[in-house]
Amino acid sequence: MNFSILRLNAVVTRRIRRCGLVVLVAAGLASAVPAIANAVGAPVAHILSLHVDSRHHRATARFTGTGGAPPLSFWCVLDAAKGHYCHSPLTIKHLRRGEHKLMIEAIDSTGLASEFLAIRTFRVK
């Protein structure tokens, strides 16, 4: 099998390693991914809408992804907390007042993660 080397950040490397799809090579900073993942292109996450309900301290995000080898999975992180796999629509409850940052990353079926996060900041009043 033909492999190509990609630079990935530590968070993506740990996440992909959990899926068992990648062979790690140097101290968790570089990974070997099948070349077919590069031929398809990296997946990209898009946040379509974000509705904030300040009265009930919650927010609902709708998002999608393009590119990559289907099906796509999504990894969501709120305010730099521990992330988790998620799907659209995503409802976040029990939000504190103030500014929040939602980050969404698309991951394709080969384990290739998007190069850039879809980021949206919002405020709960």
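Of all residues in segment 56-78, those that are modelled with pLDDT under 95 and either aromatic (F, W, Y) or closer than 21 Å to K125 by Cβ (or both) total 0.
Residues that are surrounded by 15 or more Cβ atoms within 10 Å (Cβ to Cβ) and within 10 Å of A45 (Cα to Cα) within segment 61-72 comprise F63, T64, G65, G67, L72, listed in sequence order.
Go through segment 80-100 and give me each residue that's out of contact with any Ser or Thr (no Cβ under 7 Å at 6 or more places or on another chain), charged (D, E, K, R) and over 15 Å from A61 (Cα atoms). Residues satisfying the conditions are K82, R96, R97.
Give the residue that is farthest from the chain's Cα centre (by Cα), with candidates limited to residues of segment 73-113 that are buried (at least 19 other Cβ atoms within 10 Å of the Cβ) and charged (D, E, K, R). Checking each candidate, the answer is D108. Among residues of segment 106-125 that are basic (K, R), those with a beta-carbon under 9 Å from a residue that is buried (at least 23 other Cβ atoms within 10 Å of the Cβ) at least six positions away or on a different chain give the pairs R120/A61; R120/I104.
The values are calculated or read from the model by the stated rules, or taken from the named source; none is laboratory data. These figures come from a predicted structure and were not determined experimentally. Cβ sites come from the backbone with ideal geometry, for glycine too, and all protein chains shown count toward neighbours.
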